[in-house]
Amino acid sequence: MVGYPSHKDTLSAVRGLIEGGADIIELGFPFSDPLADGPVIQHASTISLEKGTKMVQFLSLVRQIRKESQIPLVLMTYTNILYHKGYEKFFKLAKEAGLDGIITPDMTVEESKEYLKAAKKHNLDTIFLVSPNTSKSRLQEIVKQTTGFLYLVAVFGTTGVQNKIQSYTISALQNTKKITRGKVPVGIGFGISTPSDIKSYVKHGADAAIVGSALIKLIEKTPSAKIQSAVAKFTRQLKLSTK
Amino acid sequence: MKIKFPKDGRFGEFGGKYIPETLVPAIEELEQSYLKYKNDSDFKKELNYYLTEYAGRPTPLYYAKNLTEKIGGAKIYLKREDLLHGGAHKINNTLGQALLAKRMKKTRIIAETGAGQHGVATAMACAALGLKAEVYMGYKDTIRQKLNVFRMNMLGCEVHAVKAGSQTLKDAINEAIRDWITNVKDTYYLLGSAVGPHPYPVMVRDFQAVIGEEIKQQIKDFGKKTPDTVIACVGGGSNAIGTFYPLVDTDTEIIGVEAAGQGLKSGHHSATLSAGTKGVLHGMMTYLLQDSEGQIQETHSISAGLDYPGVGPEHSYFKDQKRIQYVSATDKEVIDAFLMLTRTEGIIPALESSHAIAEAIKLAKKKPKSDTIVVTLSGRGDKDVEVVQDYIKNSK
């Protein structure tokens, strides 16, 4: 989460992720009303906003990271933030800064016409989410629109709610893979926090695992000076479990 | 201009469904079920039975003679939704949706509430129909409307106080949506205002349109084809759209009144249509109170029920179409109107409804005696007497 606990700490965490071997970095930009998020990301968003985080700071963070690494960077935020800036105008700025893609959890394919047009124009990936209850026909529609990867929401719930691995999640993963047929990678996220979670999902076909709240919790309890090394260590463990 | 049921869920550019993918199947199921039952004769018969025998419809259209004479202008009529069971118009919608939820075989009902009126109306409808209800309410609202928290508890409904964000209606909606995402299979989200993703704005409007339909009939008894003016308060806008919708294709002048709080310039208000800009919140494209970064702003109103930074998308549409005029009333004007109605007519209005009364008082003075103004008195004010007392004490 950009600006949480501070802008300096976000950069340290990003450096730790790169060092630990992350394949893609998802940067959360705070929204006042994050309705798909659980308590951990809600709290991080609130604090970040209280500290005055603005979009210019996000863009300068992206530019800073780009000076150090070519790792793929995707932004996760809510529709209103993007709509308010103007899809076209913001995507242009974001691409120039070095962003690669966008995840918008409250953007449905039905409402995405302008959004997709603007993203396409500026060559940004639009990563859509699917859920275990998404119908087959709808899944096919979403697979057509998603680029970069497809984000499979592992559980019925908000982000960060930890659970045992559910059998419905495994079926959803297998069904999703049947429809994507290798055309686009499938990343799985929500409630994933341990190497053993990742191992199981990878075994059942996940191409990537997305870890958010667990990482924020780690950053929260780690002193600033040690964030980079702690994040690197955690990332290394997670990465190892994908192999 | 009237849009009965938008297939794409949009009123012009407003509305739509901006929701997490997990909710899409639930919203589609809701839309299908609503379309199936809204014209079903058994459903209509059952709803009508409960509206009449349980809720107390039709409500009177009362000529407020004393208030009219005191002001000395146009005749003021009150549409007495405050006389409904539970004390507000909210029961029109909760009965409709609870009956729908039952037909959809949902076993658990969740709702959000601001002032508590929708929560109470949900708790009542669910008790009457044998459904289990849980209500999310902003922590700040549980304090200022604690009477309604007791009522919900007594009705067998669990109330969750939401401590996130501004701790008001907006945050209660966020939390209800999160609950819905988590329990999507067996849970029905009984949304209380004409807001949210399609089909909620249309469905809530249809269940509330009984207000405007009755006004159209009842005004004939006073020798008028249609009222010259109708006025209702607008938070999310359910009593207003229910009043206005049946009249938008007549010549009636239509005015929605928002909460100007401490004044539009003070920044402490919730006058979304008067001062907002377009954006996306709670699943809909509509006017919002937001800052230069697109973050939703905290709002203020003396009435918890209007304390909301968004507004129903159909209101945004009618504003841009210039069919409905949206004005606002300050906390002070609202208290004055509350006291004036209480003392002249012996009717204690809800603070929400007092916004509409305040506008009627301003407007009646400027209109000839032959004109008729109908004001929707959306709820009774018993829940507000403490807030009013405190306001008066503090302003002395």
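The values are calculated or read from the model by the stated rules, or taken from the named source; none is laboratory data. A quick note: this is a predicted structure, and the numbers were derived from the prediction, not measured. Cβ sites come from the backbone with ideal geometry, for glycine too, and all protein chains shown count toward neighbours. For the accessible areas, the whole protein counts, side chains as well, though only heavy atoms, and no ligand, DNA or RNA atoms are used. Shrake-Rupley method; radii C 1.70, N 1.55, O 1.52, S 1.80 Å.
Data for the structure
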read-out	value
Filter result for B:Lys170 (in contact with a Pro (Cβ under 8 Å, 6 or more places away or on another chain) and among the basic types (Lys, Arg))	yes
Pair list, Cβ < 6 Å and 6+ apart or interchain, from segment A:125-149 residues that are under 17 Å from B:Tyr18 (Cα atoms) and facing another protein chain (nearest Cβ under 7 Å) to residues that are outside any strand (DSSP E or B) and at pLDDT below 95	none
Residues located in segment B:106-124, provided they are aliphatic (A, V, I, L, M) and either without any contact (Cβ under 8 Å) to a residue 40 or more places away in the chain or in a strand (DSSP E or B) (or both)	B:Ile109, B:Ile110, B:Ala111, B:Val120, B:Ala123, B:Met124
Only one of B:Val195, B:Val210, B:Val202 that is within 22 Å of B:Arg10 (Cβ to Cβ), within 20 Å of the chain's Cα centre (by Cα) and away from chain A (no Cβ under 14 Å)	B:Val202
Hits in segment B:143-164 - residues which are under 24 Å from B:Pro309 (Cα atoms), in contact (Cβ under 8 Å) with a residue 60 or more places away in the chain and in contact with a Gly (Cβ under 8 Å, 6 or more places away or on another chain)	B:Gln145, B:Asn148
Selection within segment B:262-298 - open to solvent by 20 Å² or more (accessible area, probe 1.4 Å) and either away from chain A (no Cβ under 14 Å) or β-branched (Val, Ile, Thr) (or both)	B:Gln262, B:Leu264, B:Lys265, B:Ser266, B:Gly267, B:His268, B:Ser274, B:Ala275, B:Thr277
Enumeration of residues in segment B:11-48 that are within 9 Å of chain A (Cβ to nearest Cβ), among the charged types (D, E, K, R) and outside any helix (DSSP H, G or I)	B:Lys17
Residues within segment A:182-198 that are touching a helix residue (DSSP H, G or I) at 6+ places or on another chain (Cβ under 9 Å) and open to solvent by 70 Å² or more (accessible area, probe 1.4 Å), tallied	1
Residue check for A:Thr53: assigned to a helix (DSSP H, G or I), over 30 Å from B:Arg10 (Cβ atoms) and touching a Pro at 6+ places or on another chain (Cβ under 8 Å)	no
Filter pass, B:Val334 being among the hydrophobic types (A, V, I, L, M, F, W, C), more than 14 Å from chain A (Cβ to nearest Cβ) and in contact with a Gly (Cβ under 8 Å, 6 or more places away or on another chain)	no
Criterion violated by B:Ser41 - all others in (1) open to solvent by 10 Å² or more (accessible area, probe 1.4 Å); (2) over 24 Å from B:Lys90 (Cβ atoms); (3) in contact (Cβ under 8 Å) with a residue 12 or more places away in the chain satisfied	(3)
Criterion violated by A:Phe58 - all others in (1) within 11 Å of chain B (Cβ to nearest Cβ); (2) touching a Lys or Arg at 6+ places or on another chain (Cβ under 9 Å); (3) buried (at least 23 other Cβ atoms within 10 Å of the Cβ) satisfied	(2)
Of all residues making up segment A:33-50, the number that are at the interface with another protein chain (Cβ under 9 Å from one of its Cβ atoms), farther than 22 Å from A:Ile192 by Cα and open to solvent by less than 30 Å² (accessible area, probe 1.4 Å)	1
Verdict on B:Leu351 being in contact with a helix residue (DSSP H, G or I) (Cβ under 9 Å, 6 or more places away or on another chain) and within 14 Å of chain A (Cβ to nearest Cβ)	no
Identity of the residue in segment A:14-26, surrounded by fewer than 20 Cβ atoms within 10 Å (Cβ to Cβ) and not in a loop (DSSP other than H, G, I, E, B), that ends up farthest from the other protein chains (Cβ to nearest Cβ)	A:Glu19
Yes/no for B:Val149 being part of a helix (DSSP H, G or I) and in contact with a Ser or Thr (Cβ under 6 Å, 6 or more places away or on another chain)	yes
Sole exception among (1) open to solvent by 20 Å² or more (accessible area, probe 1.4 Å); (2) in a helix (DSSP H, G or I); (3) without any contact (Cβ under 8 Å) to a residue 60 or more places away in the chain for A:Tyr201, by number	(1)
Residue match in segment B:146-162 (condition: of a type outside the set (A, V, I, L, M), open to solvent by 20 Å² or more (accessible area, probe 1.4 Å), over 13 Å from B:Arg108 (Cα atoms) and within 14 Å of chain A (Cβ to nearest Cβ))	yes
Sole residue being open to solvent by 10 Å² or more (accessible area, probe 1.4 Å), within 14 Å of chain A (Cβ to nearest Cβ) and out of contact with any helix residue (DSSP H, G or I) (no Cβ under 6 Å at 6 or more places or on another chain), chosen from B:Ile143, B:Ile177, B:Ile173	B:Ile177
Given (1) hydrophobic (A, V, I, L, M, F, W, C); (2) modelled with pLDDT under 95; (3) in contact with a Lys or Arg (Cβ under 7 Å, 6 or more places away or on another chain), index of the condition B:Ile109 fails	(2)
Complete set of residues in segment B:369-383 that are within 20 Å of the chain's Cα centre (by Cα), modelled with pLDDT of 95 or more and of a type in the set (Lys, Arg)	B:Arg380
Of residues in segment A:150-168 being free of Cβ contacts under 8 Å to residues at least 60 places away in the same chain and open to solvent by 20 Å² or more (accessible area, probe 1.4 Å), the one nearest to the other protein chains (Cβ to nearest Cβ)	A:Phe156
Residues of segment A:59-110 satisfying the condition of being within 15 Å of the chain's Cα centre (by Cα), under 14 Å from A:Gly28 (Cβ atoms) and among the hydrophobic types (A, V, I, L, M, F, W, C)	A:Val62, A:Leu73, A:Val74, A:Leu75, A:Met76, A:Leu99, A:Ile102, A:Ile103
